[in-house]
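Structure first, commentary second.
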2 protein chains.
Amino acid sequence: MKNVLVGQSGGPTAVINSSLYGVITASLARTDEVDVVYGLINGIEGIFEDRILNLSDDLSEEDRELLVTTPGAYLGSCRYKLPSDLNDPVYALIFEKFAKWEIAYFFYIGGNDSMDTAHKLSAYAEKIGSPVRILGLPKTVDNDLVHTDHTPGFGSAAKYVAATVREIAIDASVYTKPAVTIVEIMGRHAGWLTAASALARQFEGDNPLLIYLPEAPFSLSDFTEQVKDCLQKKSAVVVCISEGIKDADGTFICEYGQGDALVDTFGHKKLTGAGKYLEEYLIDTLGIKARSVELNVCQRASSIYQSLTDVNEAIASGKFAVDSAINGHTGMMVGFTRVSDEPYALSYHLHPAAEICNQERVVPQEWICGDGTDVSEEMLVYLRPLIQGETVTPMADGLPQFAYRRY
Amino acid sequence: MKNVLVGQSGGPTAVINSSLYGVITASLARTDEVDVVYGLINGIEGIFEDRILNLSDDLSEEDRELLVTTPGAYLGSCRYKLPSDLNDPVYALIFEKFAKWEIAYFFYIGGNDSMDTAHKLSAYAEKIGSPVRILGLPKTVDNDLVHTDHTPGFGSAAKYVAATVREIAIDASVYTKPAVTIVEIMGRHAGWLTAASALARQFEGDNPLLIYLPEAPFSLSDFTEQVKDCLQKKSAVVVCISEGIKDADGTFICEYGQGDALVDTFGHKKLTGAGKYLEEYLIDTLGIKARSVELNVCQRASSIYQSLTDVNEAIASGKFAVDSAINGHTGMMVGFTRVSDEPYALSYHLHPAAEICNQERVVPQEWICGDGTDVSEEMLVYLRPLIQGETVTPMADGLPQFAYRRY
């Protein structure tokens, strides 16, 4: 028996199940090389308790098709870091399980930490001479993985952010009274997703008027002046910020609001987001109406603005992983190479998983412009192809239908 | 000349422009009775400066069609309360403008306060013997207007809430570690929109496990016990709350966090939402992982989950208003009468605007169950028809295209 095992790890995205769909369908198609396709519940954590689902037999065709438009991680996820020491008994345990389930190919869909897992497991396989082939499939809304043009999940999140900021800007512009709306977008260290808010603009001079990424040092006094300037031009100003914006000293703006004075009745420090902090700062200093909106988990949890390009690439990455593993590759992550921007063309490659983990790809300085308040045309050229095309989510009784594990 | 003037007021919804579309198309169709259709920019505030748009000539057919799926208020909005004293000179000023623009019919799309405006203007018209006929078209995401089964805008917001809570619940359920996600939904006094989160459930025992409305007194100690009970059954618990939940004494939960201890470095009180407060309360008292998500303006600003039923009813309310005004009615609001739940059937009626304003329709106690933690089947029967059907938003370059005023 040569079986496939596939798992998901880290925070979900709108297309992590599309990648899963790609692995499942490509594996099922290789009837000569693959016997059974198993799903690993809650990632590598689930293997210790044999939390394994027979996807060949127990996943209905209807549910399999629903995976493509279902957000979240169908198999469940985990945050689990394998020890650095390959002599740790956990490795022997995992490979015993691989043997028990006759796993020939293990696919792990995730971000940075998941590539660390893929790397360590393949290193252990090499060490003990195990034939199990292990490949990583990229996934993140942050788009911060290195050695790939972009990652599945990012395009859909970018589309969600751009469309939602466009809607928020329209909502914000209905009154004549000067007001600032701050939209806080995911991205602790990398501003890719916040940069996508620039796509929201429908015309010259449209909102968002100001965009701040973690890659450019943020100054409260510059911010105040920039907002005042914008209010001269437009009564409704929309500002998009990354949750991780920081000042020249490297202090996160969200930490500003957490001094000793800001404690609750239990004496605990209150955590305030950067958006909330800046909202209150503007009210205090400029005496204007300000509001903050945190897109929160919706930007990664929603599949309503799935990018068809993103979905198709996620599925293709699954097929590429299966084909590569069967062709003998291991210890690698599937990466994307952009062949051209227009017409947009992509090819797939493999890159050692060891060189992916523990690194972050940030926005290049030359793609940030306007004294750190905007992104350049190069950024837009990079972003545009990733949000193209729409999927159709099956609806029933007025609501989107999603696949869920029935046990 | 007999002209139509139409304006929008209050907070926007996903279909306030559908109502506008209904007024415009119905007016344009009555060529014998209506000469020009004018749009009033920023509601009644705009009339003093003649901020009036010729919709007959200057609104392209393309933009007119785009209105149906465009969120926000195309004409802009205002929050303006007319004085109670009909002898106030502001009334004469408004009717001078009506005369100048040869307005025969004035339609005002809005909520409570807008019906107050419609009422007062029609009372003034009667007082001076003006033939201008004034009708109100309902609009609110809160669904709290009296003398109508429901209001345009609510169905789409309810659909957005149900779909988004379903997505958030899926996202929250990927890990095995016990965690509570609190979703804060609009509704200061009426829990209709929060009740719609019950539609998110895909199967028996699905999230949201707890739903709290402002109509049922909220107790922190009961809440703690109810959350603990739920965590016995499910590791990922989703709780939906109205922003306006309050305790038995009538104190808003969002006020709990605003004691003297909670001040920033400027000495200002910090405003914390009920969701954020309960998140921190659970972390403090149960020592578990908790997170809060405020749906914020997105629930009224997004048109992505427009309910086709809602859109069609909004358009129909516009046509009904135009026909009613031409038939001689004034000082009334268009209301909805539910003829039957299944098959769902609706009829339209007129109700004196004077009896709409300054009242709020809240959720009946008998539709709240589970000791104030859930809503009844009657509520679901009421809600279901309102979210049925989907619209198709025109997309370009990967993003929704919306109508906007080009000046």
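What to note about this one:
- Some residue of the stretch B:13-20 being under 19 Å from B:Phe320 (Cβ atoms) and free of Cβ contacts under 8 Å to residues at least 40 places away in the same chain: no
- If the condition is being among the charged types (D, E, K, R) and either within 30 Å of A:Tyr160 (Cβ to Cβ) or surrounded by fewer than 20 Cβ atoms within 10 Å (Cβ to Cβ) (or both), then the stretch A:91-144 contributes A:Glu96, A:Lys97, A:Lys100, A:Glu102, A:Asp113, A:Asp116, A:Glu126, A:Lys127, A:Lys139, A:Asp142, A:Asp144.
- Taking each residue of the stretch B:98-113 that is at pLDDT below 95 and looking for partners that are open to solvent by less than 10 Å² (accessible area, probe 1.4 Å) and part of a strand (DSSP E or B) with beta-carbon atoms closer than 8 Å, six or more apart or interchain, yields B:Gly111/B:Pro138.
- Positions within the stretch B:299-339 being open to solvent by 10 Å² or more (accessible area, probe 1.4 Å), within 13 Å of chain A (Cβ to nearest Cβ) and part of a helix (DSSP H, G or I), in sequence order: B:Arg300, B:Leu308, B:Thr309
- Scanning the stretch B:191-207 for residues that are in contact with a strand residue (DSSP E or B) (Cβ under 8 Å, 6 or more places away or on another chain), more than 14 Å from chain A (Cβ to nearest Cβ) and not β-branched (Val, Ile, Thr) yields B:Gly191, B:Leu193, B:Ala195.
- Selection count, the stretch B:276-298, where residues are part of a helix (DSSP H, G or I) and among the hydrophobic types (A, V, I, L, M, F, W, C): 5
- Test result for A:Ala345, open to solvent by 40 Å² or more (accessible area, probe 1.4 Å), more than 14 Å from chain B (Cβ to nearest Cβ) and over 30 Å from A:Gln226 (Cβ atoms): no
- Of the criteria (1) farther than 30 Å from A:Val15 by Cβ; (2) open to solvent by less than 10 Å² (accessible area, probe 1.4 Å), which one B:Lys81 fails: (2)
- Within the stretch A:210-225, the set of residues being open to solvent by 40 Å² or more (accessible area, probe 1.4 Å) and touching a strand residue (DSSP E or B) at 6+ places or on another chain (Cβ under 8 Å) comprises just one member, A:Pro217.
- Any hit, the stretch B:300-318, residues being basic (Lys, Arg), out of contact with any Cys (no Cβ under 9 Å at 6 or more places or on another chain) and free of Cβ contacts under 8 Å to residues at least 60 places away in the same chain: no
- Scan of the stretch B:367-407 for residues that are open to solvent by 30 Å² or more (accessible area, probe 1.4 Å), among the aromatic types (Phe, Trp, Tyr) and more than 10 Å from chain A (Cβ to nearest Cβ), ordered by number: B:Trp367, B:Tyr407
- Residues within the stretch B:348-366 that are assigned to a helix (DSSP H, G or I) and surrounded by 16 or more Cβ atoms within 10 Å (Cβ to Cβ), tallied: 2
- Residue match in the stretch B:234-249 (condition: assigned to a helix (DSSP H, G or I) and crowded, with 16+ Cβ neighbours inside 10 Å): no
- Enumeration of residues in the stretch A:286-298 that are more than 9 Å from every other protein chain (Cβ to nearest Cβ) and open to solvent by 50 Å² or more (accessible area, probe 1.4 Å): A:Gly287, A:Lys289
- Checked against (1) over 14 Å from A:Ala321 (Cβ atoms); (2) polar (S, T, N, Q); (3) open to solvent by less than 10 Å² (accessible area, probe 1.4 Å), A:Thr31 passes all but a single condition, namely (3).
- Selection of the stretch A:156-189 for residues being closer than 19 Å to A:Leu210 by Cβ, open to solvent by less than 10 Å² (accessible area, probe 1.4 Å) and more than 11 Å from chain B (Cβ to nearest Cβ) yields A:Val180, A:Ile182, A:Ile185, A:Gly187.
- Counted as qualifying within the stretch A:1-82 are the helices (runs of 4 or more DSSP H) with 2 or more residues that are touching a Lys or Arg at 6+ places or on another chain (Cβ under 7 Å), namely A:16-29.
- Meets criteria (at pLDDT 95 or above, in a loop (DSSP other than H, G, I, E, B) and surrounded by fewer than 24 Cβ atoms within 10 Å (Cβ to Cβ)) for B:Ala198: no
The values are calculated or read from the model by the stated rules, or taken from the named source; none is laboratory data. All of these numbers come straight from a predicted model, not from anything done at the bench. Glycine also receives a Cβ, built like all others from the backbone with ideal geometry; neighbour counts cover every protein chain displayed. All accessible areas refer to the heavy atoms of the entire protein, side chains included, with ligands and DNA or RNA removed. Shrake-Rupley method; radii C 1.70, N 1.55, O 1.52, S 1.80 Å.
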